[in-house]
Amino acid sequence: AMLMVARSVLSCPDIKGLRGLDFEGCSLIEDCDVAAACEGLPHLTWIDVKGAERLTDASLRHLAKLSARLEMLQLGGCKGLTDAGLCEFAAAIAGDTEHTGTLLKLSLMNCSQLTNTTLCAIAEHLTEVRDLCIYGCYRMTDDAIIR
């Protein structure tokens, strides 16, 4: 039922100026839902999809389109995300000429596939991030932080 509500809300023309979207705990959210949110709500400055285990790297490609405004991204528990997807996301944001360095908070808590490769990409491309959560990312080690 929650997924149906989420899809209905995204199709409502009266919310085009929405700045934040909280899908925390909506475990049935899929890449197509993130795509619809990114395309239909271009003014989003924060999005929370914590616990959306069905999301894949395809969602990150859509989220990168919000790079000029995105300030907070909560991806905790999105176990389908990979290093390749996060590296592509970070590089896309860094390569966006309209990007003003607004992504300040990024949570990757319990994203179990992520490794030091992701940390290195964040350090290289997302230098404006001030709040990074990697709790439960057990494949990340001290080596990436020391670099």
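The values are calculated or read from the model by the stated rules, or taken from the named source; none is laboratory data. Only a predicted model underlies this, so the values are computations on that prediction, with no experimental measurement involved. Heads up, the Cβs are rebuilt from the backbone with ideal geometry, glycines too, and the neighbour counts pull from every protein chain shown. These area figures cover heavy atoms from the full protein model, side chains too; ligands, DNA and RNA do not enter into them. Shrake-Rupley method; radii C 1.70, N 1.55, O 1.52, S 1.80 Å.
Would you mind getting me the FRET efficiency between A94 and C32? Use the beta-carbon distance for r and R0 = 25 Å, nearest 0.05. Once rounded, the FRET efficiency stands at 0.45. Helix 116-125 and the long axis of the chain differ in direction by around 80°, with both axes built from C-alpha atoms.
Using only Cα atoms, locate the centre of the range 106-147 and the centre of the range 19-42, then give the distance between them in Å, rounded to an integer. Measuring centre to centre over Cα atoms gives 23 Å. Taking the longest Cα principal axis of the chain as reference, the axis of helix 83-95 is set at about 80 degrees. A cut-off under 9 angstrom between Cβ atoms defines the neighbours of A121, and their net charge, with Lys, Arg +1 and Asp, Glu -1, is -3.
Starting from the Cα-Cα distance between E71 and A123, subtract it from 0.36 nm times their residue separation and give me the gain in nm to one decimal.
Separation in residues times 0.36 nm, less the Cα-Cα distance, equals 17.1 nm.
Annotation: per residue accessible area for the range 1-144 equals 48 Å², rounded to a whole number [probe 1.4 Å, protein chains only].
For E30, the accessible area of its heavy atoms, probed at 1.4 Å with every protein chain present, is near 60 square angstrom.
Phi-derived couplings, Karplus 6.51 cos²θ - 1.76 cosθ + 1.60 at θ = phi - 60°, listed residue by residue for the range 62-74: 6, 5, 4, 5, 8, 4, 5, 10, 4, 10, 9, 9, 10 Hz, with x used for Gly and Pro.
Rounded to the nearest 10 degrees, the inclination of helix 31-40 to the longest alpha-carbon principal axis of the chain is 70 degrees. For a modelled paramagnetic label at H43, 7 Å from Cα along Cα-to-Cβ, the residues of the range 59-82 in reach, with backbone nitrogen under 17 Å, are 66-72. Of all aspartates and glutamates in the structure, those lying under 13 Å Cα to Cα from K105, and not within fewer than 8 positions of it along the same chain, are D48, E71, E128, D131. Protein heavy-atom surface of the range 25-131, 1.4 angstrom probe: 51% of the accessible area is carbon and sulfur, with nucleic acids and ligands not counted.
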